[in-house]
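As structure tokens, the structure follows; a few thoughts come after it.
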Amino acid sequence: MSAFLSGLAPRPADALLGLMAAFRADPREAKIDLGVGIYRDEAGETPIMTAVKQAEERLLASETTKAYEGPQGNTDFCAAIEEMVFGAQSEARNDGRVVSFATPGGCGALFVAIMFAGRISAEGRIWASDPTWPNHVNLARSTGRELKSYSYVDAETGAVDFPAMMDDLREARPGDIVLLQGPCHNPTGIDLTPEQWAYLGDFCAGQLLMPLVDVAYHGFGAGLEGDIAGVRALLDAVPEAMVAYSCSKNFGLYRERTGCLMLQGGAPRDVAAGATHLADIARAAYSMPPSHGAAIVATILGDGALRKAWQDELDAMRARMQSLREKLAAALEAETGRDDFASLTAQNGMFSQLPLAPQITELVRLQQAVYLPASGRINIAGLSDETVAEVARRLAPYLTAPPEEAEG
């Protein structure tokens, strides 16, 4: 018997990964996957973007080494992502008050950021929206941080319940981290307004709170500039902040694990000191960041023709998802006789939540072969013009009761 492993209790499987495995094992031909959070085209595939393919061809022809790039990774990549987030005219960037690190995906950026939070405030807690992306919870707990939640959705209006959100955040203590999702909130698709972002920046600055903004779906909501306007309003209002950026969705680089962590400080000297800690954490966690995905992004954003091709394809993806939202809302209204699905069309990005209790989502999976997480989150991009009416038909029996009854 092992002296070390025999007393180790197994951890429960990740719910979404388990859902993916169950879908693959389901022999029913009519099964539909609305759970896994990846973009799919009309054929149900997750294609490689044209600009990505062209950038990879250039890299294959020009690359001369596989040597490490250093703890910050590809500096052209970091500069390009900084400019997309902060803007070319950002005072913080131009004053040397921003430093960036390439990371293994958005999760790598979040992990380093939360570990860094423990160094700047040992007792600082992490505040996340309720609901939020489940891995935010895992990241906070795995790094030993206490997790607190703030209210987010107004069920009656289908918008952010900003007064309730602020009431909860007034309980935050100086040194706490406020985790905010950038455009296309996961799982709700409900976003803050630019005015609310600016208010949060002033609030965090006044209360000595550090914002950590998770930007995972840039370009999927209102376009690249429209999506980032609120984040910039916050960054302009607060002296210190962190931004975790993922290229998985908007560049389709899921398996390349391409992310970036940006730290904004009040003075260049502070940022330089912070950079040494970020490098130290990265060294212990993964030593050096992967290079391939970052090189792809740097190549695309550094070439006018490739950048335009990428933006055109990204715009088409966004338009397709918005069209699917409109079709799903209309189909659900027709199937259920309820008129409260119009809010789907006002939401952004890949995700929305349907008023389905966990036990109901299980019935939907077993009886209708429609796979979605227990939270009721659906991946809009998992639909197609061909399946949207069928999905509405299958879901309708579980949605015909008033929302409070459907929730059980």
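The values are calculated or read from the model by the stated rules, or taken from the named source; none is laboratory data. Nothing here was measured: the structure is a model prediction, and the numbers come from that model. Glycine gets a Cβ as well: all are built from the backbone with ideal geometry, and neighbour counts include every protein chain shown.
Just a few scattered comments:
- Taken together, Ala109, Ala117, Ala113, Ala102 contain a single residue that is surrounded by 22 or more Cβ atoms within 10 Å (Cβ to Cβ) and more than 22 Å from His218 (Cα to Cα), which is Ala117.
- Test: residue in region 136-156 that is in contact (Cβ under 8 Å) with a residue 40 or more places away in the chain, in contact with a strand residue (DSSP E or B) (Cβ under 7 Å, 6 or more places away or on another chain), closer than 21 Å to Leu263 by Cα and not assigned by TED's automatic domain parsing to the domain that holds Asp339: yes
- Which numbered condition Ala88 misses (of (1) within 21 Å of His218 (Cβ to Cβ); (2) assigned to a loop (DSSP other than H, G, I, E, B); (3) not assigned by TED's automatic domain parsing to the domain that holds Ser246; (4) not charged (D, E, K, R)): (3)
- A Cβ distance below 7 Å, combined with a sequence gap of six or more or placement on separate chains, defines the contacts here; from region 319-330, residues that are small (Gly, Ala, Ser) reach residues that are buried (at least 18 other Cβ atoms within 10 Å of the Cβ) and part of a helix (DSSP H, G or I) in the pairs Ala329/Leu344.
- Given (1) modelled with pLDDT of 95 or more; (2) within 25 Å of the chain's Cα centre (by Cα); (3) buried (at least 17 other Cβ atoms within 10 Å of the Cβ), number of the condition Pro373 does not satisfy: (1)
Condition check ((1) part of a loop (DSSP other than H, G, I, E, B); (2) at pLDDT 95 or above) across all residues:
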| position | (1), (2) |
| --- | --- |
| Arg269 | no, yes |
| Ala272 | no, yes |
| Leu278 | no, yes |
| Pro289 | yes, yes |
| Ala298 | no, yes |
| Arg307 | no, yes |
| Arg320 | no, yes |
| Arg338 | yes, no |
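- So Ala128, is it more than 25 Å from Thr193 (Cα to Cα) and in contact with a strand residue (DSSP E or B) (Cβ under 6 Å, 6 or more places away or on another chain): no
- All positions within region 333-352 that are of a type outside the set (Gly, Ala, Ser) and buried (at least 20 other Cβ atoms within 10 Å of the Cβ): Phe341, Leu344, Gln347, Asn348, Met350, Phe351
- For region 301-308, the condition of being crowded, with 23+ Cβ neighbours inside 10 Å and either basic (Lys, Arg) or not assigned by TED's automatic domain parsing to the domain that holds Glu82 (or both) holds for none of the residues.
Results for (1) assigned to a helix (DSSP H, G or I); (2) within 21 Å of the chain's Cα centre (by Cα); (3) at pLDDT below 95, shown as yes or no for each residue.
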position	(1), (2), (3)
Glu56	yes, no, no
Tyr68	no, no, no
Ala80	yes, yes, no
Thr103	no, yes, no
Ala113	yes, yes, no
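- In this structure, Ala330 does not qualify as surrounded by fewer than 16 Cβ atoms within 10 Å (Cβ to Cβ), of a type in the set (Gly, Ala, Ser), over 21 Å from the mean Cα position of the chain (by Cα) and not in a loop (DSSP other than H, G, I, E, B).
- The strands (runs of 3 or more DSSP E) found wholly in region 168-247 include none carrying at least 3 residues that are of a type outside the set (Asp, Glu) and outside the structural domain of Ala140 (by TED's automatic domain parsing).
- Filter pass, Ala369 being assigned by TED's automatic domain parsing to the domain that holds Asp26 and farther than 20 Å from Ala216 by Cβ: yes
- Residue pairs meeting the criteria (Cβ under 8 Å; at least 6 apart or on separate chains; first of a type in the set (Ser, Thr, Tyr), in region 51-72; second part of a loop (DSSP other than H, G, I, E, B) and surrounded by 11 or more Cβ atoms within 10 Å (Cβ to Cβ)): Tyr68/Met288
- Meets criteria (farther than 15 Å from Met210 by Cβ, outside any helix (DSSP H, G or I) and more than 20 Å from the chain's Cα centre (by Cα)) for Glu123: no
- For Glu404, the criteria (1) part of a helix (DSSP H, G or I); (2) modelled with pLDDT of 95 or more hold in every case but one, which is (2).
- Looking across region 157-167, the residues that are of a type outside the set (A, V, I, L, M) and either without any contact (Cβ under 8 Å) to a residue 24 or more places away in the chain or in a strand (DSSP E or B) (or both) come down to Thr157, Asp161, Pro163, Asp167.
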